[in-house]
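Report on one structure; see the data block that follows.
The values are calculated or read from the model by the stated rules, or taken from the named source; none is laboratory data. Only a predicted model underlies this, so the values are computations on that prediction, with no experimental measurement involved. When we count neighbours, we look across all protein chains shown, and the Cβ atoms used for this are built from the backbone with ideal geometry, even at glycine. Remember, those area values only see protein heavy atoms, side chains included, never the ligands or the DNA or RNA. Shrake-Rupley method; radii C 1.70, N 1.55, O 1.52, S 1.80 Å.
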Amino acid sequence: MSATATICSEKNFAVQTHPVKAPDEEYFFEGAEKLLELWFCSTKGITDTSLRSIPRSEIDNMLDVARCKILHSKHNESIDSYVLSESSLFVSDNRVILKTCGTTRLLAALPVLMQLAGTYAGLDQVQSVYYSRKNFLRPDLQPNLHKNFDAEVEYLDSFFEDGHAYCLGSLKQDRWYLYTFHREVEFPANKQPDHTLEILMSDLDEEVLHKFTKDFAVDGKDCFMRAGIDKIIPAGADVHDELFDPCGYSMNAYINDTDQYATIHVTPEKEFSFASFETNQDLVCLYSQTRKVLQCFRPNKILMTVFANDISVKGKDAQQQLWDRELPGYRRTNVQFVRLETETLVYAHFVRKAPHDLTSSSDEDDGERSD
């Protein structure tokens, strides 16, 4: 009904009408991130250049396209670390990792990143692509590009020929999507051990959620210590983090003199609680670190992935343990192994055991193995 005056001819007077206000839509935030990792190379064999030479202003413009912004940054000799309004960005010499949550348009930034790599770093070719995400709780709220995985695959295929798309996990529960592409190049970089552990956690313990609010902690540094994040990150790592108002937490860390990183993001609202942990560090046993993460967040549902190339001993060890061993207090519902173009992947899904299913086995940490 219009808000303008309507003339009632029978009684010859104006009746003012008003629209009925629709109820406010319940607040929701999609904590699950979209994750894009790109490895670049030069068709001319250029080796003395770096993606880190891209100007900050150009990075800001690229993130505007993705609909997020930089809150603060830290740098060492090998990596630039950015905490974003929606997750994280890491830039090293020939690799970019962009991770964004909420309703960001991450893939819209892809052509901008490719152009910047060529213009400022002479890295005019994408050697490898990894795009992944968990299924969204509310895909209907995502921008059109990200409403479903088929649309994302079609978009990525417009840039990369012969890409591969996967869906891991049961279609009746949480699942994980992955798009990969790898190009054999004339001037390959020297191959180094490489692995990535990612833990995606949902339905967090209610006693944990309040630790990531301004009612509990003053700022990111305070939250880092009081919420127990300090027990997860390897000793000596350089950390910068953000505690959002009124709630939510993001943290980046890197190991000095390396391009090894760790990142954590927490959406603590009870109705859609979510937390993620990702790292490529090799200082401590990844299985031991996984247990520390779970002890901190106590999620009811876990989705885990471990990538490893053929020469990553640490990654292979973590994959084997994820394949062979249960996590104390959890029941594994799914485990899968995939051989990709240049590495292997182990995927697993866990749910917390009901109290009557818990055994008397100790949940104490096994210790940090170095092998």
_Condition first: free of Cβ contacts under 8 Å to residues at least 60 places away in the same chain, more than 22 Å from TYR261 (Cβ to Cβ) and not aromatic (Phe, Trp, Tyr). Now tell me which residues in the range 176-218 satisfy that._
ARG183, GLU184, HIS210, LYS211, THR213, LYS214, ASP215, ALA217, VAL218
*What strands (runs of 3 or more DSSP E) lie completely within the range 36-143 and have 1 or more residues being open to solvent by 20 Å² or more (accessible area, probe 1.4 Å), touching a residue at least 24 places away in the same chain (Cβ under 8 Å) and of a type outside the set (Lys, Arg)?*
70-75, 125-134
_Tally up the residues in the range 155-185 that are more than 12 Å from ARG133 (Cβ to Cβ), basic (Lys, Arg) and surrounded by 15 or more Cβ atoms within 10 Å (Cβ to Cβ), please._
1
